[in-house]
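Have a look at the structure below before the remarks.
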Amino acid sequence: MIKTENLTKKYGAERGVFSLNLDLPRGKIYGFIGPNGAGKTTTIKMLCGLVKPDSGKAFVGDIQITASNIPKIKRKIGYMPDIFGVYEQMSVWEYLDFYGAAFKIPIKRRKPRIEEVLSLTDSSHMIDYQVTSLSRGMKQRIGLAKTLIHDPEILILDEPAGGLDPTARIEMRQTISRLKGLGKTILLSSHILPELSSICDLIGIIFKGKLLAQGTVKEISSSLQEKIVINVTVDSDINEAKNILSRIDMIETVKVLEQDALQCTFTGARPQIKSVLRLLIENNVIVRWFSEDEVDLEDVFINITKKG
Ligand SMILES: Nc1ncnc2c1ncn2[C@@H]1O[C@H](COP(=O)(O)OP(=O)(O)OP(=O)(O)O)[C@@H](O)[C@H]1O
Ligand SMILES: [Mg+2]
């Protein structure tokens, strides 16, 4: 649904976005992740036709983003910028009506559409609030409602969870997942990887204008993880289990964590993990729990950007 080929925008030699190849399939949520200044907003603005690339191509569906296609692109895309720009002294209703008019939605259809987008973003109760009086969380909701007003197929959300408290972040994630359920294709940006991983089908990690990794969270984390950590809990002698594990070539270290729990580092390939479990069972160890340790996404992100 969104594809870029060597998309480039330079602000001097070091800053900007360089040869970006993004690929976002229809109906998926893509998390575009990178630290401050990585090039997320610049990329997003190029996709929305707000910044002209220096070179490379970008496509929205089968339409190439060119100056003459921008009006078509704008109908397809709902863009939520990272800053909520509002005219003062407007109510939420007037604010949404203004955008509805900008998208040339006929007056008769505007009222039900505004009610619909407010309901989709759980903000129906805010309809008469003054936009300048809204809290950060409320602004994000109304910003999202505005983004949905013309019923775009694609949503491009720049830092939708930025500045939100933990509860509002969870609610924002739920709303975004709901929009995916309605068939929207969604690209969202964040500088925090764990924040998005639960709702994203795919992630792309950008650093200093370059895409360093792209794939599912699992693919990216396992390609970067050097050693697999396995947690084992037993209902039999822990030292016996430790001795058995220590004799396995692919096990590098074994550490007893509690009287029934130990942790080991495994240097083999992932499909070979099951042979460790088999060996424990064959040696009469009563295994209550055997699992691969969750990858710390914070670490993955730091590792990727360090390598970059
Ligand atoms: N209009 C501009 N003129 C000059 N430099 C710019 C311009 N827009 C962006 N840049 C530079 O390009 C780089 C990428 O900026 P961008 O805003 O795309 O980053 P970002 O990933 O969105 O960061 P943040 O997380 O802080 O929002 C930065 O070094 C920024 O200073
Ligand atoms: Mg930005």
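So here's what we get for this one:
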| quantity | calculated |
| --- | --- |
| Positive-end residue, the chain charge dipole about Cα centroid, Cβ charges, pick of 194, 133, 302 | 133 |
| Max mean-square fluctuation residue, GNM over the chain, Cα-Cα springs under 10 Å, options 21, 69, 283 | 283 |
| Principal axis box of the stretch 1-98, alpha-carbon based, largest edge first, Å | 42, 30, 27 |
| Under the Karplus curve 6.51 cos²θ - 1.76 cosθ + 1.60, θ = phi - 60°, whole-Hz ³J(HN,Hα) for the stretch 44-50, x wherever Gly or Pro sits | 4, 5, 5, 5, 8, x, 9 |
| Qualifying chymotrypsin sites (Phe, Trp or Tyr not before Pro) in the stretch 81-172, DSSP loop, other Cβ atoms within 10 Å at most 10 | 87 |
| Where GluC sites (Glu not before Pro) fall in DSSP loop in the stretch 1-102, at most 12 other Cβ within 10 Å | 14, 88 |
| Cβ-derived FRET efficiency at R0 25 Å, residue 23 paired with residue 116, nearest 0.05 | 0.20 |
| Value of Rg/Rh across the stretch 182-265 [Cα atoms, Kirkwood radius] | 1.19 |
| For the chain, size of Cβ-based charge dipole, Lys and Arg +1, Asp and Glu -1, in debye | 1720 |
| Three principal axis lengths of the stretch 73-155 [C-alpha, angstrom, descending] | 31, 28, 22 |
| Cut-off of 10 Å, at most 11 other beta carbons, DSSP loop: longest stretch of the chain lacking such trypsin sites (Lys or Arg not before Pro) | 105-246 |
| Long-range tail of P(r) for the chain (Cα pairs > 32 Å, %) | 41 |
| Computed over the stretch 226-296, the ratio Rg/Rh where both radii use C-alpha atoms and Rh is Kirkwood | 0.92 |
| Sequence-distant lysines (8 or more away, or on other chains) whose Cα lies within less than 23 Å of residue 104 | 45, 72, 74, 76, 146, 184 |
| Linear extension gain, residue 54 paired with residue 255, 0.36 nm per residue minus alpha-carbon span | 67.0 nm |
| In the stretch 238-308, GluC sites (Glu not before Pro) in a DSSP loop with at most 11 other beta-carbon atoms within 10 Å | 258, 294 |
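Every number in this text was worked out from the coordinates using simple rules, so none of it is lab data. Everything numeric here is computed off the predicted structure, so don't read it as measured data. Virtual Cβ from ideal backbone geometry, glycine too; neighbours counted across all protein chains shown.
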